[in-house]
């Protein structure tokens, strides 16, 4: 037995262990494991759909990073919950508690992925903003945005990992925040929700700006601006459902975690009820596929040729030219007079001879 286990095997810990053996808690743990397993399958399908989709390349690159984050969270989480379910068969009482220093090996991936989910929408917003104003259009920059999100996620996770690695405490559920004080949880949730709302406001601002700007009839004659606005609409409709899902999940997570915390901490059993991240990782790729399916046949997979470009430009010019009808009224009488002045020719056929009678 671990020598550090005895001080942690308190009456509260034993009560939590006993509660974790209840059928309702085991069913809840099985449900989270099922959601994680489905998430892996949905992520694989969604990845293949996006890879072959006609969406802009820079957006597909960022989506690839998001799908990687889904797997980075769900695979360690599935292993975690599978381990806890199996150990309940062979162990009991405080032997089910796991050292925090051991849990950190899998938690580091889950924590980094959770941070990435928040900064991903900031990356999409920044990429959309810069593309809308043509600050860049190279897909290489989208890769750097994705890598930057992972760097920030790792940097934000490292301090907590360093503390947990030196911890002598034990946990009932390695995926939980039971070793974090309520004040620390509040700070984390407030930080995450602030990023989500900033993404919502930023995306809404860019969309409103371009919608207002595009309402100018002169700008509608610009094919490049029209295509840019249509691309922004696609990004907005694709990203918004998942962003709202992310916000809703974290509001639920934060609200219940703070409400259900006892003695300034959230125990491992309650964590299973409030943890909405497995739900997010399962529904998110399915939602990506659904929104992408709605765009099927509405996105031009190839760039527009110069011939089509000028044809659309000519049609737009004729449609918006206020002098078109006046010019037509002036041209038509001239054409009629010219036709009336031209000689008419009639032909009369008599047997094998053709007689031409010209009337002048």
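Taken together, the values in this text are just the output of simple stated rules run on the coordinates, not laboratory data. Nothing here was measured: the structure is a model prediction, and the numbers come from that model. When we count neighbours, we look across all protein chains shown, and the Cβ atoms used for this are built from the backbone with ideal geometry, even at glycine.
Overview of results
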{"item": "Relative exposure of 291, 281, 87, 47, judged by other C-beta atoms within 10 Å (fewest first)", "result": "87, 291, 47, 281"}
{"item": "Pair residue 181, residue 9: separation of 7 Å Cα→Cβ label points (nm)", "result": "2.9"}
{"item": "18, 169 arranged by Cβ crowding within 10 Å, fewest neighbours leading", "result": "18, 169"}
{"item": "Net length gained if the chain between residue 147 and residue 24 were fully extended (0.36 nm per residue, minus Cα distance)", "result": "40.2 nm"}
{"item": "Three-way shape label, region 12-93, alpha-carbon gyration tensor, a/c 1.5", "result": "prolate"}
{"item": "Order of 101, 114, 48 under a 10 Å beta carbon neighbour criterion, fewest first", "result": "48, 101, 114"}
